[in-house]
Amino acid sequence: RPSYEEMLRFYSYYKQATAGCCQGPRPGFWDPIGRYKWDAWHSLGGMSKEEAMAAYVAEMKKVAQKVTG
């Protein structure tokens with residue numbers, strides 16, 4: 001199973017590839033999971049959708065290699 005950090009990277013690359021750059025305000029204090037997701041996505045800045053897709057695939061390959069050993 002991927003770590004939480006890996007899952008956040010998958011989420012951020014997916015959102016960047018499908019929705020583009022992170023827009024909107026950061027979730028509030030009472031939504032820590034939303035804040036983690038927002039922070040991960042927002043950290044990608046102006047990465048293009050194509051770059052995000054490629055990064056998602058590269059991350060998936062890295063995790064798959066780790067799992068299969």
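The values are calculated or read from the model by the stated rules, or taken from the named source; none is laboratory data. Since the model is a prediction, treat every value here as computed from it, not as a measurement. FYI the Cβ positions are ideal-geometry reconstructions off the backbone, even for glycines, and counts take in every protein chain you see. Ligands, DNA and RNA are stripped out before the accessible areas are found, and what is left, the full protein with its side chains, is counted by its heavy atoms. Shrake-Rupley method; radii C 1.70, N 1.55, O 1.52, S 1.80 Å.
Contact map, segment 13-40: first residue of a type in the set (A, V, I, L, M, F, W, C) and assigned to a loop (DSSP other than H, G, I, E, B), second residue modelled with pLDDT of 95 or more and open to solvent by 50 Å² or more (accessible area, probe 1.4 Å), Cβ cut-off under 6 Å, separation 6 or more or different chains; pairs are 22/42.
Scanning segment 32-46 for residues that are open to solvent by less than 60 Å² (accessible area, probe 1.4 Å) and under 12 Å from the mean Cα position of the chain (by Cα) returns 38, 39, 40, 41, 44, 45.
Selection of segment 47-65 for residues being open to solvent by 70 Å² or more (accessible area, probe 1.4 Å) and over 10 Å from residue 12 (Cα atoms) yields 49, 50, 51, 53, 57, 60, 61, 62, 65.
Scanning segment 5-31 for residues that are over 15 Å from residue 60 (Cβ atoms) and open to solvent by 90 Å² or more (accessible area, probe 1.4 Å) yields 23, 25, 26, 29, 30.
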